[in-house]
Amino acid sequence: MDYAAAAGSKHVTALPGVYFDSEKSFDSWQRSCEELSWRVEQAERQRIVFSVEAHVGSLVPNPKAALRLVRDVPGLTLTLDYTHFTRAGLPDRAAEPLIAHASHFHARGARKGRLQTSFQQNTIDYGRVLRAMQKAEYRGYVGVEYVWIDWEHCNEVDNLSETIQLRDFLRAAVK
């Protein structure tokens, strides 16, 4: 947080934690909540908004768990990324209640079984997402987040072209 504050950052995103095989799930959850509560407190001291991203492989891989976490950690916000839920086969409407708890949003193409895909193969209805954001009075940023990494098939699209296509779609949709 000190570095983020020195750099003039107003927002920091982290991962929420994982379940450890060496301990009970309850203990992993509690430890994560305690650590995240401390981080929220540190962020508030620096006037920084702190969030976590519900993520594949984390202790919040679905909307229900993400909602539980923000309720268990006062002041915690979400960096909302539908793609982690879409990959699992969940519909867009399953993630919509999380918009009320979001302080940042990641956008990219995804479909069932694929965390990242081309705009053409994307099944997330970003028009619907934007309408849900407007209804929830979402005020955070929307970042287009294509990554090139040999994980979850994220190295199978042209990141530059896909970023431009999604950016242009989002720009046109908000006009």
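Surface exposure of the chain, expressed per residue as accessible area with a 1.4 Å probe, stands at 57 Å². If you roll a 1.4 Å probe over the chain with all protein chains in place, what percent of the accessible area is carbon or sulfur? Taking all protein chains in place, the chain shows 50 percent carbon and sulfur surface. Within the shell of other residues whose beta carbon sits under 14 angstrom from the beta carbon of Ile48, the net charge comes to +1, with Lys and Arg scored +1 and Asp and Glu -1.
You can think of it this way: the chain between Leu90 and Asp150 has 19.2 nm of extra reach, that is 0.36 nm per residue less the Cα-Cα gap.
Pairs of Cα atoms nearer than 8 Å and 6+ residues apart set the relative contact order; for the chain it is 16 percent. When each full DSSP H helix of the chain is screened for a Cα extent of at least 20 Å along its own axis and an average Kyte-Doolittle hydropathy of at least -1.0, the helices passing are 159-174.
Close amide-amide hydrogen proximity is noted between Gly109 and Thr117, each under 5 Å apart and 5 or more residues distant or on a separate chain (H modeled in the peptide plane; Pro and chain starts excluded).
Using a Förster distance of 30 angstrom, determine the FRET efficiency expected from the C-beta separation of Val56 and Phe20, and round it to 0.05. Working from the Cβ atoms, E equals 0.95. A simple rule links phi to the HN-Hα coupling: the Karplus curve 6.51 cos²θ - 1.76 cosθ + 1.60 with θ = phi - 60°, which for segment 104-120 gives 7, 9, 9, 10, 6, x, 7, 7, 3, x, 9, 5, 9, 8, 5, 4, 5 Hz, with x for Gly and Pro. Counting only residues at least eight positions apart within a chain, or on another chain, the aspartates and glutamates with an alpha carbon under 15 Å from that of Lys10 are Asp2, Glu41, Glu44. The Cα atoms of segment 49-175 give a gyration tensor whose axes a ≥ b ≥ c have a/c of 1.5 or more with a/b no greater than b/c, which makes the shape oblate.
If you take the Cα centroid of segment 143-175 and the Cα centroid of segment 93-111, the two points sit 15 Å apart. Between Glu35 and Lys64, the simple label model (points 7 Å from Cα in the Cβ direction) yields a spacing of 2.5 nm.
The values are calculated or read from the model by the stated rules, or taken from the named source; none is laboratory data. It should be emphasised that the depicted structure is a prediction, and the values quoted were computed from it without experimental measurement. As a convention, Cβ positions derive from the backbone with ideal geometry for all residues, glycine included, and neighbour counts pool all protein chains shown. These accessible areas exclude ligands, DNA and RNA; they are computed on the full protein's heavy atoms, side chains included. Shrake-Rupley method; radii C 1.70, N 1.55, O 1.52, S 1.80 Å.
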